[in-house]
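Data block below; observations after.
Values in this text are rule-based calculations from the coordinates and carry no lab data. Since the model is a prediction, treat every value here as computed from it, not as a measurement. Here the Cβ is made from the backbone with ideal geometry for all residues, glycine too, and neighbour counts use every protein chain on show.
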Amino acid sequence: MEFGVLGAHFGVGVKENQPPFSNTAAQKLNFKDYLRYRTIALQNRTIKLPGELFGSNDLRNVSVLLLPPIIMASAGMAPAPEVGKPSGDAMLVDKLPEEINEMKIRDEKVEKTISYMAERVVGQGSFGIVFQAKCLETGETVAIKKVLQDKRYKNRELQTMRLLDHPNVVALKHCFFSTTDKDELYLNLVLEYVPETVYRVAKHYSRANQRMPLIYVKLYTYQICRALAYIHGGIGVCHRDIKPQNLLVNPHTHQVKLCDFGSAKVLVKGEPNISYICSRYYRAPELIFGATEYTTAIDIWSVGCVLAELLLGQPLFPGESGVDQLVEIIKVLGTPTREEIKCMNPNYTEFKFPQIKAHPWHKIFHKRMPPEAVDLVSRLLQYSPNLRCTALEALVHPFFDELRDANARLPNGRPLPPLFNFKPQELKGASLELLAKLIPEHARKQCPFLGF
């Protein structure tokens, strides 16, 4: 059987001197035809999964090429990765635009003027620019995200961040508008500065050919779930871009803070949303299927991808394109059933997929992986959005039981970051049984509103 350029991409039925598959070729096919060819090709090749090749030099070299470029520093916002750009260990330092060298903000709450001196650029992208700055009055280091503002509309990121107040969400300190000589209006978000990202921490261990200590995997994933329990249940916001680059971490305390709410939105039932959202490796299958009435479960899928990546040391679903992402998912979860497809997008229920069996989760991870870790990944990565556990349900999973131990410590002997200082909003809808599992007895004084 000959598959043309699609077969060449998969390494099956390839004619001599045939050019490799390109995105241009994919664009000539509609989505369903492309997916059909890709899955047929998948059915006719030997599938090698991350777990089977773990430690292979070939896989390591390939995975480096597929990973997004490193973000040199994080400052309340991690720019969207642009594959193909070189990266290194040096801090990204660009020349500051003249108009942002020094800024003064009038804080009406305390009736005083606050001055910020910009120090260096730490992130740039299509969204705008992020730079590190220092408050001249207090010496505090902050991050300022500067984005071009359309005068006709309100800024949704600003509206969202004004609603948020949580220990695992980056804090908005101030905001102000500025203009250029060309009369362009810019919104400046003054955010707390957190020096590292989960992405960079994971990269550190990967480069050293080491696995991230399991206590860190638990801490980071738990705190991400706390942030999501808060924004999903208490605020009704879907982040829509959960990925390691958007998870800030204090390297000393290992407290995690969710950042970059540029894609975040309050999801209203019955109102359509764009499906081309979320970074590729972490994109839920319903988004790939073009669903427009999705739920906050897309964030839960992303968390499952992040957890699996921290456990494996590399992305679980490193798709090279949107549709290829679905093929990577099918290689692990198998072909979705008709009912699962209906849950993701009813328009695809009649589409015939080649039948591919699911690969057992325990074979994807190494033999010494705790079964609780594998079980949590499987509960987060379900085709049907309604079958994925919620962020609150994930928090009580046995994988995190170690964190509830009163004697638990970081590897250096220091105490764990605050994990049980819950807010009423993030416990919305929790049963008494769940609360009893969630908050250990030694920490219940931190939640007096529960009446324990």
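Given a Förster distance of 30 Å, report the FRET efficiency between H204 and D165 from their Cβ-Cβ distance, rounded to the nearest 0.05.
Rounded to the nearest 0.05, the efficiency is 0.45.
Tell me the relative contact order for the range 174-293 as a rounded percent, counting alpha carbon contacts under 8 Å between residues six or more apart.
22 percent
To the nearest 20 debye, what charge dipole does the range 304-398 have about its Cα centre, counting +1 at the Cβ of each Lys and Arg and -1 at the Cβ of each Asp and Glu?
300 debye
Order these by the 10 Å Cβ neighbour count, fewest first: K342, K145, K182.
The most exposed by this proxy come first: K182, K342, K145.
Note down the magnitude of the dipole of the range 351-452 about its Cα centre, charges +1 on Lys and Arg C-beta and -1 on Asp and Glu C-beta and zero elsewhere, to the nearest 20 debye.
With only Lys, Arg, Asp and Glu charged at Cβ, the dipole is about 340 debye.
Taking the Cα centre of the range 184-234 as origin and charging only Cβ (+1 Lys, Arg; -1 Asp, Glu), how large is the dipole, in debye to the nearest 20?
Dipole about the Cα centre, nearest 20: 420 debye.
Just name one of Y205, H174, L163: the one whose Cα is farthest towards the positive end of the charge dipole of the range 160-285 (beta-carbon charges, Lys/Arg +1, Asp/Glu -1).
In the range 160-285, that residue is Y205.
Taking the Cβ of each residue in S378, S431, S178, S302 as the centre, tally the other Cβ atoms inside 10 Å and list the residues starting with the fewest.
The fewest-first ordering by Cβ neighbours comes to S431, S178, S378, S302.
Taking the Cα centre of the range 99-231 as the origin and placing charges on Cβ (Lys, Arg +1; Asp, Glu -1), which of V142, L185, Y116 is farthest toward the positive end of the dipole?
Highest projection toward the positive end goes to V142.
Select from H252, C278, V266 the residue farthest towards the positive end of the dipole of the range 208-280; place +1 on Cβ of Lys and Arg, -1 on Cβ of Asp and Glu, and compute about the Cα centre.
H252
Between N250 and L450, take the C-beta separation as r, use R0 = 30 Å, and let me know the FRET efficiency to the nearest 0.05.
Here the calculated transfer efficiency is 0.65.
Subtracting the Cα-Cα distance from 0.36 nm times the residue separation, let me have the gained length for D401 to L432 in nm, one decimal.
Length gained, D401 through L432: 9.4 nm.
Over what distance in Å are the Cα centres of the range 105-182 and the range 197-255 separated?
Their Cα centres are 23 Å away from one another.
Along the Cα-to-C-beta direction of K423, a point sits 7 Å from the Cα; which residues of the range 245-280 have their amide N less than 19 Å from that point?
247-250, 255-267
Structure shown: which of K134/K243; K243/K363; K134/K173; K134/K182; K218/K243 lie over 21 Å apart, alpha-carbon to alpha-carbon?
K134/K243; K243/K363; K134/K182
Pairs of alpha-carbon atoms within less than 8 angstrom and 6+ residues apart define the contacts here; what relative contact order does the range 308-452 have, in percent?
16 percent
How do R379, R409 line up, fewest other C-beta atoms within 10 Å first?
With the fewest neighbours first, R379, R409 line up as R409, R379.
Cα centroid distance between the range 325-366 and the range 263-312, in Å?
Here the two parts' Cα centres lie 16 Å apart.
Any chance you could run the full-extension gain for N412 through K352? It's 0.36 nm times the residue separation minus the Cα-Cα distance, nm to one decimal.
Going from the current span to full extension adds 16.2 nm.
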